[in-house]
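One structure below.
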Amino acid sequence: MKELNLEYIRSRRNQLGLSQMKMAETLGFKNSSTYLKYERGIYSFKAEQLPLLAKILNCDISDFFILNVAKIEIY
């Protein structure tokens, strides 16, 4: 399972000047503290939330995932 890059989500939200309250409202959460728990990784975003999150943040869903690249040792 791929890991979400929560730092990217937070920084992208800040770049766009979106408040936690605006994110909470748009995603259908009760309040900003609920959204904050998702952004901090206390709760996990569900797969069905990612398309809307990508639309809000004006990015691709693939941008949310940490790219794990294997390191190759050269002898």
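Quick rundown of the values:
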{"item": "Filter pass, E73 being in a loop (DSSP other than H, G, I, E, B) and among the acidic types (D, E)", "result": "yes"}
{"item": "Those residues of the range 3-42 which are under 23 Å from L67 (Cβ atoms) and either without any contact (Cβ under 8 Å) to a residue 24 or more places away in the chain or in contact with a Gly (Cβ under 7 Å, 6 or more places away or on another chain) (or both), in sequence order", "result": "L6, E7, S11, N14, Q15, Y38"}
{"item": "Enumeration of residues in the range 43-54 that are under 20 Å from I66 (Cβ atoms) and either surrounded by 16 or more Cβ atoms within 10 Å (Cβ to Cβ) or among the hydrophobic types (A, V, I, L, M, F, W, C) (or both)", "result": "F45, A47, L50, L53, A54"}
{"item": "Residue in the range 27-43 that is among the basic types (K, R), closer than 15 Å to D63 by Cα and not in a helix (DSSP H, G or I) present", "result": "no"}
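Throughout, read-outs are computed from the coordinates displayed, never taken from laboratory work. Small disclaimer: the values here were computed from a predicted structure and weren't measured. Ideal geometry is used to build each Cβ from the backbone, glycine not excepted, and the neighbour counts take in all protein chains shown.
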